[in-house]
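The values are calculated or read from the model by the stated rules, or taken from the named source; none is laboratory data. Everything quoted here is computed from the prediction, not taken from an experiment. Counting neighbours? That spans all protein chains shown, and the Cβs are built from the backbone with ideal geometry, glycine included.
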Amino acid sequence: MSTLKINVNFNREMNGLAEKLVKVELSDPDHYYIGELTGYDLTSGSIVLNNVVDQEKMKFSKVVVHGNLWTKIFQEEPPFPMEELGERIAKMFPSGQIKYQQESNTISILNGKIIVSENGVEGSGPTAERVNRIYEQFIEELK
């Protein structure tokens, strides 16, 4: 695998953590922050967290951590079950019309005319409306 592809995959994974609840372990293993990842600088590795709590339960509205100060980052909330949603949507389409894109955690329907992400359904028309109804029902069941 080329270095470029590895970098692209790494950046995609970091983008996948955007707006998610994460735990960031600092260089001192007894210190960490838990908060919503809202920013990441590719050059320095620095990150921005909102609504933060540290190991002593102190609260901060925003924390910026320089890239050389953190060692690990963990997603605290479970990932969106997109594959399960894709299986449910696939029941209403002929075989081969639904493609689960693991790297972006999206579903492509009808060669990309409709895209489903954890944020909703992109596309228009009666088919997109039917997919949106399935998506909304799925979201309600997750709650």
* Asked: If you check every pair at least six apart or on different chains, which have Cβ atoms under 6 Å apart with a residue in region 55-66 that is at negative phi first and a residue that is among the small types (Gly, Ala, Ser) second?
  -> HIS66/SER46
* Considering only residues of region 4-34 that are aliphatic (A, V, I, L, M) and closer than 15 Å to GLY67 by Cα, which is nearest to the chain's Cα centre (by Cα)? -> MET14
* Asked: Here are some conditions: (1) more than 16 Å from GLU76 (Cβ to Cβ); (2) in contact with a helix residue (DSSP H, G or I) (Cβ under 8 Å, 6 or more places away or on another chain); (3) modelled with pLDDT of 95 or more. ILE47 meets all but one. Which one does it not meet?
  -> (1)
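Residues are listed down the side, and each one gets a yes or a no for (1) within 20 Å of SER27 (Cβ to Cβ); (2) more than 20 Å from the chain's Cα centre (by Cα); (3) in a loop (DSSP other than H, G, I, E, B):
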residue	(1), (2), (3)
ASN50	no, no, no
SER61	no, yes, no
ILE73	yes, no, no
GLU77	no, no, yes
PHE80	no, no, yes
GLY86	no, no, no
SER95	no, yes, yes
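Looking at GLU25, is it of a type in the set (Asp, Glu), outside the structural domain of THR106 (by TED's automatic domain parsing) and in a loop (DSSP other than H, G, I, E, B)?
Working: of a type in the set (Asp, Glu): yes; outside the structural domain of THR106 (by TED's automatic domain parsing): yes; in a loop (DSSP other than H, G, I, E, B): no.
Against the criterion (of a type in the set (Asp, Glu), outside the structural domain of THR106 (by TED's automatic domain parsing) and in a loop (DSSP other than H, G, I, E, B)), GLU25 does not qualify.
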* Asked: Using beta carbons and a limit of 9 Å, which pairs, at least six apart or on different chains, have the first residue in region 28-46 and under 13 Å from MET14 (Cα atoms) and the second one aromatic (Phe, Trp, Tyr)?
  -> GLY45/TRP70; SER46/TYR40; SER46/TRP70
